[in-house]
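The values are calculated or read from the model by the stated rules, or taken from the named source; none is laboratory data. The structure presented is a predicted model; accordingly, all values stated were derived computationally and were not measured. Cβ coordinates were reconstructed from backbone atoms using ideal geometry, including for glycine residues, and neighbour counts include every protein chain displayed. We work out accessible area using only protein heavy atoms, side chains counted, and drop any ligands, DNA or RNA first. Shrake-Rupley method; radii C 1.70, N 1.55, O 1.52, S 1.80 Å.
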Amino acid sequence: MLISEPSRSIYGRIMDCDFLVLLLDEKEMTGLGSLLTNGDSCANGKMIHPLLGHYFTALASTIETIESREAQSIAEATIAIIRACVSKRPLDIAAAEAPLKTARLEAAQKYINANLKSPGLSSDAVLEFLNVSRRRLHDIFEQTGGVQKYIREQRLKAAYRKIIFSSGKRSVLSIAEEYCFSSGANFSRAFKYQFGMTPSDLCDQAGRTGVSSFERWLLELRHQGS
């Protein structure tokens, strides 16, 4: 980790390796100045928890896929974990939990939504993606009712949009298979529980009325907010 003051120039040579550069507001590091500028302590690792290195490595592997709307939570998580790993005070470590949990949840949700059609999408797959313990995964998804519940709900929402967009021309079974439901009966039961109507009812309705460009726009907004 390179600590630099804005007033000082940095000279160096970029060699055959990768760099992750994070620019953080100096005010966010208030109270850590003496620790961060202690070159000897930082160099031999005595003052910085090794978790910080693991965090930066994980962040570097995903940063290219981060969307602008996620930037704020990523920044907050980064600041919190730097503070926790550098100071190692119990209060700072506790303060790092909330933004880290939010950042992990957003990363997991993005991964899930990108893999809804994959038969391999499961709680174990999300566990491996986040590289956390099963207990930690449960804690991350506690507010959504659990990983499996979130995956099922997102698949049902995607299937709902697919039925609408196809104007009822695709079979319910083919859509159920596309989103990895084990059978048409299981899909219909889950669909009715989620939306209060069967997929066949929605398919008939979409076939009769079609879907306007305005309705498509509303559905896309609903999808982005889900």
Using a 1.4 angstrom probe with every protein chain in place, what is the largest-first accessible-area order of 64, 128, 153? 64, 128, 153
Would you mind calculating the relative contact order of segment 139-189 from Cα pairs under 8 angstrom and at least 6 residues apart, reporting the percent as a whole number? 21 percent
So which of 110/169; 110/149; 117/149; 101/192 end up more than 23 Å apart, counting from Cα to Cα? 110/169; 101/192
Surface accessible to a 1.4 Å probe, residue 74 within the full protein complex, Å²: 40 Å²
Heavy atoms of residue 179 accessible to a 1.4 Å probe, total area in Å² rounded to 10: 20 Å²
Give the residue from 78, 55, 154 lying farthest towards the positive end of the charge dipole for segment 52-190; charges sit on Cβ (+1 for Lys and Arg, -1 for Asp and Glu) and the dipole is referred to the Cα centre. 154
Can you compute the charge dipole magnitude of segment 95-197 about its Cα centre, using +1 on each Lys and Arg Cβ and -1 on each Asp and Glu Cβ, nothing else charged? Give it in debye, rounded to the nearest 20. 360 debye
Roll a 1.4 Å probe over the protein heavy atoms and report the accessible area of residue 144 in Å², nearest 10. 30 Å²
